[in-house]
Amino acid sequence: MTEEAARTALLRFLNSKCCYGSKAAGELVIQELKQLTVYRYRLETFHESRLSEWAFEPFPPAGRPRGAAPLPGPPRLPAPPPFRERTRRLRLPHAALVKECHGCHGHGRSKCSVCHGAGWTRCVTCKGSRRSLKQQKRCQLCSGTGRKRCNTCSGRGSKTCAMCQGEKKLQHFKQLVITWRNNVFEFVSAHQLDLPGELLSRVNGENVFRDENVQVYPVADFPEPEICLASQRAVAEHSAAFAASSRILQQRRGVCSKLRSLASSLS
Ligand SMILES: [Zn+2]
Ligand SMILES: [Zn+2]
Ligand SMILES: [Zn+2]
């Protein structure tokens, strides 16, 4: 890279930031250009966790006749492809009970939240004064009543209960919630250079190596000791975070490198 190319790159960077001045960059004397290899280490851990929780649905459920046995869940739940996050719910058999709906106390209807049960709302044109504001005549929109029928509940003051869909009863059941998550640990070497971390994490250079297994080990003999240390930390952190509470299904790790030019200068 030439001095001119370095200056152009610096100016382009400064111009992309609205509040950075570019005067100093235009005038500074570039003393030395250095080539430097930046390495990025990345560990991904794909893990599965399970928990069971209570859920409910209207009883009888829509589309199923009263008294029909609950549908059995899928016989098995295959894991998604590695590193794809997903959540699935599996209904557990033999753990269901039917209770009065707690949303409407078994009435099947609940108070309309727009008119608060009244069935009407204040006329928006005369604001309830019954007269049109400009002409002091009877308001035409509400025929001088100051009220309008509530559109949300069609004047009934109540709506079909959303929780039980008007069925008055709820069936509570237990379900298994299975979550597949992918967690990423990333480390970029050469932090002592004071380059913005955000810039460095976008290092998408050449792959030095990359592998994948049920469990991966720290990098042992990499020429950059920082990368070996970071990989030890990554493997330890992920195993502490996920081995106990969930099941690690797959891990992949990789190091990629990128050559960067650095200019040191006098301003
Ligand atoms: Zn209403
Ligand atoms: Zn009115
Ligand atoms: Zn209800």
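Values in this text are rule-based calculations from the coordinates and carry no lab data. Keep in mind it's a predicted model, so treat the numbers as computed, not measured. Neighbour counts are summed over all protein chains in view; Cβ atoms, including those assigned to glycine, are modelled from backbone coordinates with ideal geometry.
Rounded to the nearest 0.05, what FRET efficiency is calculated for Val114 and Thr8 with R0 set to 51 Å and r the Cβ-Cβ distance?
0.25
Each of Ile227, Ile178 was scored by other Cβ atoms within 10 Å of its Cβ. Arranged with the fewest first, they read Ile178, Ile227.
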